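The values are calculated or read from the model by the stated rules, or taken from the named source; none is laboratory data. Predicted model, so just to flag it, every value in this text is computed and none were measured. Cβ placement follows ideal geometry from the backbone for every residue including glycine, while neighbour counts extend to all protein chains displayed.
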Amino acid sequence: MYSGVRVRFAPSPTGSLHIGGARTALFNYLFARASGGSFILRLEDTDFERRLAHAEEGINQSLTWLGLDWDEGPGIGGPYGPYRQSERLDLYRQEAERLLSAGLAYHCFCTPEELAAEREEARQSGRAPRYSGRCCALTAGERSAKVAAGVKATLRLKMPGDGKTVVDDAIRGEVVFENATLDDFIVMKSNGVPTYNFACVVDDAAMRITHVIRAEEHLSNTPKQVLVYRALGYEPPVFAHVPMILAPDRAKLSKRHGATGVEEFRAQGYLPEALFNYLALLGWSPGDERELLSREEIVGEFSLAAVSRHAAIYDVQKLTWLNSQYLSSVTAARVYELALPFFRAAGLISETINPQDSEYIREVIETVRSRARTLGELADMSSYFFRDDFNYDPKGVRKVFHASGVPALLREGKEALARVEEPFDPANTEAAYRRLIEKLGVSGGALIHPTRLALTGRTVGPGLFDVIALLGKRRTLERLERAAAWIIDHVPRG
RNA sequence: GGCCCCAUGGUCAAGUGGACUAAGACACCGGUCUUUCAAGCCGGUAACCCGGGUUCGAAUCCCGGUGGGGUCACCA
């Protein structure tokens, strides 16, 4: 399928990718894939001050992990490269020169301090802070005097002053701005580097971007950008301003809201397919009641027209629910692959794994995964399958180890299990326990609960006989004996 | 403050003039299953911001309020 659609995600490498940025990238990706177009990655790295050393790699990794593969971008290149703005400075200078010689832009010699003072004054007197346009009125003589004095100039674009600029937005319809509210803004900084509103337009035009899909916070910038397109003689693209993602307190996402970065969700054990699905549902819906949608279904049904207009508050509980759904429904091979790093991080397994270990790990995962909501939980809930040095849950101790006769009961259980013939599986071990329960005339729970605590240190977990079978006879018997002895030592006889 | 956007349960959302006594999901609460905890299944609480219009009829269209958000840098 071929189409002329070209969209881009243009992050600034000033930090890691947060879920708002990820959602914007996702919608660009979905629109490109849904329309048979191209998805382009461009780095907006013109802010030398705020640029972070490894941010680019981090963003690439997060996008890749989410499965948002791009067709053109830094690293892989493409027909309209380079794809880092820092490598396109000549282009911006050429375009700026065109503006200047056409009389559409002018040099401004005001210092940042002067401008800041004017802004402050305007703010004090309750006026909108707006550049006066004073340098536009400079005579040729005044200009050369400034240059001779060594004052570095910025380049400002002249605004129409009257009339209206309308933004054609695929999600919001036509948004109209009075040109009188726009001031002559800077397109080139005094260091020869373009500002965002300029570089963005130059690149979108040069890269033949057809649809600019970005966060709503950019809507107010858009009339200025439309005016840049006009001044440069380019046709503006279709804009689509997607709603913001807000933190649970309705504020813009920031670090103080806890985990909001893609990398953090990954580290906690969220699956990329779950985050992909969740993010797609934040601001978009297939129009019916389906919630669990595969990548293919989402790509197949995505449209900008179905994107909502209001901001959404992200809800980590729903993400977690979706994650648990994926965790219990993806293939065994997939969970295994995803879970391994978490098992390693928890110190449960070593770097190298032999085939037997591998088989054992797979079995552990299969018995535990339906109860876990994240891979982090999965590793935590699996720990006693890999190590003997766990403590008994204090609440569990009070509840089930304090009953009288528990050590004897555990030793009875141990004897019963010791006599189980091969295979030492859930059916045989349960049969042995049921016989014992009947023989002793106790309730099932009276034997089962202390056994669970003895074997796992916990009061909750998978079916007890699955645990017993997985642990195997030797470890099961050892742990039962250990618990019996421990109780005698630690639980006061009452 | 100026400009811009937005407004359905706590949250995500369906809804585009009559099928709305307003869907579904998360969360919450109860029940069921069970050796525990989850999951599953069954059920429940909970919403059209307010006021005017237009219309036979408004969650839906228009206007005005209110509320929330965004933006007003030599940041992107």
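Structure data summary
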| quantity | calculated |
| --- | --- |
| Which numbered condition residue A:207 fails, given (1) more than 9 Å from RNA strand B (Cβ to nearest atom); (2) at pLDDT below 95 | (2) |
| Helices (runs of 4 or more DSSP H) fully within segment A:360-476 counting 2 or more residues that are acidic (Asp, Glu) | A:375-382, A:406-418, A:426-440 |
| Any chance residue A:324 is under 24 Å from residue A:425 (Cα atoms) and within 16 Å of RNA strand B (Cβ to nearest atom) | no |
| Which numbered condition residue A:79 misses (of (1) more than 15 Å from RNA strand B (Cβ to nearest atom); (2) in the same structural domain as residue A:295 (by TED's automatic domain parsing); (3) surrounded by fewer than 17 Cβ atoms within 10 Å (Cβ to Cβ)) | (2) |
| Meets criteria (more than 23 Å from residue A:99 (Cα to Cα), modelled with pLDDT of 95 or more, within 12 Å of RNA strand B (Cβ to nearest atom) and surrounded by fewer than 21 Cβ atoms within 10 Å (Cβ to Cβ)) for residue A:218 | yes |
| Filtered residues of segment A:404-426 (kept if in contact (Cβ under 8 Å) with a residue 40 or more places away in the chain, surrounded by 14 or more Cβ atoms within 10 Å (Cβ to Cβ) and not charged (D, E, K, R)) | A:406, A:407, A:409, A:410, A:413, A:417, A:420, A:424, A:426 |
| Contacts under 6 angstrom Cβ, first residue in segment A:177-194 being closer than 9 Å to residue A:154 by Cα, partner part of a helix (DSSP H, G or I) and aromatic (Phe, Trp, Tyr), 6 or more apart | A:187/A:198 |
| Residue count for segment A:293-313, restricted to those that are more than 7 Å from RNA strand B (Cβ to nearest atom) and either surrounded by 14 or more Cβ atoms within 10 Å (Cβ to Cβ) or under 20 Å from residue A:268 (Cα atoms) (or both) | 10 |
